[in-house]
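Engineer: I have a structure here, written as structure tokens, and I will follow up with some questions on it.
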Amino acid sequence: MQRLYDFIRRHPTGVDTFWAVVLLGFSLLWVVTSYPEVDTPAAYGVVAVLFSLVVALRRRVPEKMLLLGVALGVGQLAFGVMPFFADFAILVIIYTVAASDGPRWASRLALIGGLSAATLSQLRWPMEGPGSTLAKVFFTVIMTVPFALAWVLGDSLRTRRAYFAQLEERASRLEQEREAQAKVAVAAERARIARELHDVVAHNVSVMVVQADGAAYVLDASPDQAKQALETISSTGRQALAEMRRLLGILRTGEHQEAGEYVPQPDVEQIEDLVEQVRGAGLTVDFRIEGTPRPLPSGVELTAYRIVQEALTNTRKHGGPDAGASVRLVYFDDGLGLLVEDDGRGATQEMYEDGGADGRGHGLIGMRERVGMVGGTLDAGPRPGGGFRISALLPLKPAH
């Protein structure tokens, strides 16, 4: 049964032609059997052939077949060709035009023609025999019902198809939106990982470079200091590798997915360890905490840690010789304040923004993006009298 239905859907014109032949056969059979009562059988035969053509081509050119059907109906009225079996094609073409997505004038013409067909036929060939006017009107109304039903069924089918087409379009649009949102999420995740890698690499590698230069300088004169510098390089490298494994573990799937999942992200409490690490690299840092420490959202804590890390890295890279820095954390009722300053003389704001003469980093850009993600504010620029200042306010709740 399903194969038959699929065949019918694939060959609509062939199916229509089959029914047109059936309609023509029954119509000609009626003409032959009614020959003694028909004055002009040839006219009935021509009408039967043309109405069969209407059925055969109803889905290919519905508007033209409708006009042909209207012309045949008018011709029947004009030449006295009484309605017979072939006029069933009028019902078919009315249904087809109402169900098609063609111009609306065709559907309106089909409705008007269908509603007026029975009335015009009754006026042209009045019902014979005794009967009241009310009975004739009732008969006319009954004969009009099939035409009205044909149009209603066709228009309902057209509306239903339009509704399902709209649902499909909406589903397709939602699918495209989901794909676009997924791409945006992937891009955001890549940007986040890029910022994390930038902070990890920029900070730890700069510490390793400073310690390596110091170790090379004091290797002969003070082997103990050189040994301490090498130990610092080793621990810093292990820390960098651990953080990079955590970041890259996010990108892994399957049996390696758990790699890096259990390594906690840096938080505010680790800022003091970060300061000690920087001090060990030779940079003088004054660290103070004001207010009452309390738990903060993980995004705020990570942002605070990365801002301090990037700021101290920039001081070490661009602050010049004998530069000192200060880090101040202030706990407010509605957020966390950060202030990182240095008294260096070796860099301007443009060098900080461009990554300095030895690189193309985007430290300040990354800071602003991080702060913006938690709904905070960031102010960065030169200090009066020299040096650089970075201040940030991170709210407990992101701004809407």
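The values are calculated or read from the model by the stated rules, or taken from the named source; none is laboratory data. All figures in this text were calculated on a predicted structure; none of them were measured in a lab. No Cβ is skipped: glycine too gets one built from the backbone with ideal geometry, and neighbour counts run over all protein chains shown. Each accessible area value is taken on the protein alone, full model and side chains, heavy atoms only, with ligands, DNA and RNA left out. Shrake-Rupley method; radii C 1.70, N 1.55, O 1.52, S 1.80 Å.
Engineer: Report, by residue number, each residue of the range 38-77 that is in contact with a Lys or Arg (Cβ under 9 Å, 6 or more places away or on another chain) and assigned to a loop (DSSP other than H, G, I, E, B).
Structural biologist: Within the range 38-77, Leu57 is the sole residue that qualifies.
Engineer: Has the range 338-346 got any residue that is modelled with pLDDT of 60 or more and small (Gly, Ala, Ser)?
Structural biologist: Let us first name the residues in the range 338-346 that are modelled with pLDDT of 60 or more, namely 338-345.
When the remaining residues are screened for being small (Gly, Ala, Ser), the result is 344.
Within the range 338-346, one or more residues are modelled with pLDDT of 60 or more and small (Gly, Ala, Ser).
Engineer: Could you tell me whether any residue of the range 227-241 is polar (S, T, N, Q), closer than 30 Å to Gly102 by Cβ, at pLDDT 70 or above and surrounded by fewer than 14 Cβ atoms within 10 Å (Cβ to Cβ)?
Structural biologist: no
Engineer: If you don't mind, another one. Just one of the numbered conditions (1) open to solvent by 80 Å² or more (accessible area, probe 1.4 Å); (2) modelled with pLDDT of 80 or more is not true of Leu274; which one?
Structural biologist: Unmet condition: (1).
Engineer: Out of Gly14, Gly69, Gly25, Gly75, report the one residue that is surrounded by 16 or more Cβ atoms within 10 Å (Cβ to Cβ) and either under 48 Å from the mean Cα position of the chain (by Cα) or not hydroxyl-bearing (Ser, Thr, Tyr) (or both).
Structural biologist: On the way: Gly14 fails: surrounded by 16 or more Cβ atoms within 10 Å (Cβ to Cβ); Gly25 fails: surrounded by 16 or more Cβ atoms within 10 Å (Cβ to Cβ); Gly75 fails: surrounded by 16 or more Cβ atoms within 10 Å (Cβ to Cβ).
Going through Gly14, Gly69, Gly25, Gly75 in turn, just one is surrounded by 16 or more Cβ atoms within 10 Å (Cβ to Cβ) and either under 48 Å from the mean Cα position of the chain (by Cα) or not hydroxyl-bearing (Ser, Thr, Tyr) (or both): Gly69.
Engineer: Would you point out the residue of the range 131-186, among those that are within 29 Å of Arg59 (Cβ to Cβ) and among the β-branched types (Val, Ile, Thr), that is least open to solvent (accessible area, probe 1.4 Å)? Give the steps one after another, and end with the answer.
Structural biologist: The first filter runs over the range 131-186 and keeps only residues within 29 Å of Arg59 (Cβ to Cβ), leaving 143-172.
Right, trim to among the β-branched types (Val, Ile, Thr) and you get 144-145, 152, 159.
Working: Thr144: 23, Val145: 65, Val152: 71, Thr159: 71 Å².
It comes out as Thr144.
Engineer: Quick one: would you say Arg316 is at pLDDT below 85, of a type outside the set (Ser, Thr, Tyr) and closer than 24 Å to Ala240 by Cα?
Structural biologist: Details: at pLDDT below 85: yes; of a type outside the set (Ser, Thr, Tyr): yes; closer than 24 Å to Ala240 by Cα: yes.
For Arg316, the condition - at pLDDT below 85, of a type outside the set (Ser, Thr, Tyr) and closer than 24 Å to Ala240 by Cα - is met.
Engineer: Considering only the range 96-130, how many residues are open to solvent by 30 Å² or more (accessible area, probe 1.4 Å), more than 23 Å from Val81 (Cβ to Cβ), out of contact with any Asp or Glu (no Cβ under 8 Å at 6 or more places or on another chain) and in contact (Cβ under 8 Å) with a residue 24 or more places away in the chain?
Structural biologist: Result for the range 96-130: 2.
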